[in-house]
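First the structure, in the form of structure tokens, and then the observations on it.
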Ligand code: GLP
């Protein structure tokens, strides 16, 4: 595990975007795994900026998002597809057919999940998976107690997650109770993983994820076993990590 600690959210976002840009520059046909939530918003802004400056092209990139709410169609403003369109896809040169997000309106959710896994495999797997982290340690929508063996599947959202995501909806009752999410196994199969976290409120879960036992009750803890994991944190999110001069890359 490599840990990069940046001064603040802006610097963390810039650093994360640079890592994606390097991946895409070295391998223009990269398969990216992408995340939603407020944490990667700054990273997407930087990527759009790099594209506008002519420094980066997504022409040959394919992407797979981690998750989507069940019951929201892709045009719904709170769907993760709408989020990705407005944050990234509408502003760069990635083709609509290169972008993949589970369909939350699928009649047969199990078939949708299987097809999603197949699509990832048919493109050779994910080269770089971006993750945020929930306050309860969820990654994607793999809530505490999720099996480490799971592939893309339907999940019941945890009360903590429903509450946290209510800020994007008019009221908490509108937050969907279920989602389709890549499973932990899908995430662990990615060749590289980059997890972003920012702010004091993420410090405790980052500390548990990095130093705590590997347990399904902290889904992100399994990432300790990933062979190519990079954490990009701001100082607040890193504030409870065990110290040690030179232990981490700081900027
Ligand atoms: C959601 C998403 C996750 C994301 C998490 C944290 O529940 N499904 O992929 O990592 O929220 O969100 P935020 O970055 O807004 O704290």
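The values are calculated or read from the model by the stated rules, or taken from the named source; none is laboratory data. Remember, predicted model here, so these are calculated numbers, not experimental data. Note that each Cβ is placed from the backbone with ideal geometry, even for glycine, and that neighbours are counted across all protein chains shown.
Taking the conditions exactly as written (within 27 Å of residue 42 (Cα to Cα) and modelled with pLDDT under 95), does residue 247 satisfy them or not? Taking the combined requirement at face value, the residue satisfies it. Scanning region 152-182 for residues that are surrounded by 18 or more Cβ atoms within 10 Å (Cβ to Cβ), over 15 Å from the mean Cα position of the chain (by Cα) and more than 12 Å from the ligand (Cβ to nearest atom) turns up just one, 153.
Residues checked against (1) modelled with pLDDT under 95; (2) touching a helix residue (DSSP H, G or I) at 6+ places or on another chain (Cβ under 7 Å):
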residue	(1), (2)
122	no, no
125	no, yes
137	no, yes
155	no, no
171	yes, no
184	no, yes
205	no, no
218	no, yes
229	no, yes
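Here the helices (runs of 4 or more DSSP H) wholly within region 134-221 that include at least 3 residues being within 18 Å of residue 65 (Cα to Cα) are 184-189.
Being free of Cβ contacts under 8 Å to residues at least 40 places away in the same chain, away from the ligand (no atom under 16 Å from the Cβ) and either more than 25 Å from residue 198 (Cα to Cα) or under 16 Å from the mean Cα position of the chain (by Cα) (or both) narrows it down to one of 95, 42, so name that one.
Details: 42 fails: away from the ligand (no atom under 16 Å from the Cβ).
Result: 95 is the single residue among 95, 42 that is free of Cβ contacts under 8 Å to residues at least 40 places away in the same chain, away from the ligand (no atom under 16 Å from the Cβ) and either more than 25 Å from residue 198 (Cα to Cα) or under 16 Å from the mean Cα position of the chain (by Cα) (or both).
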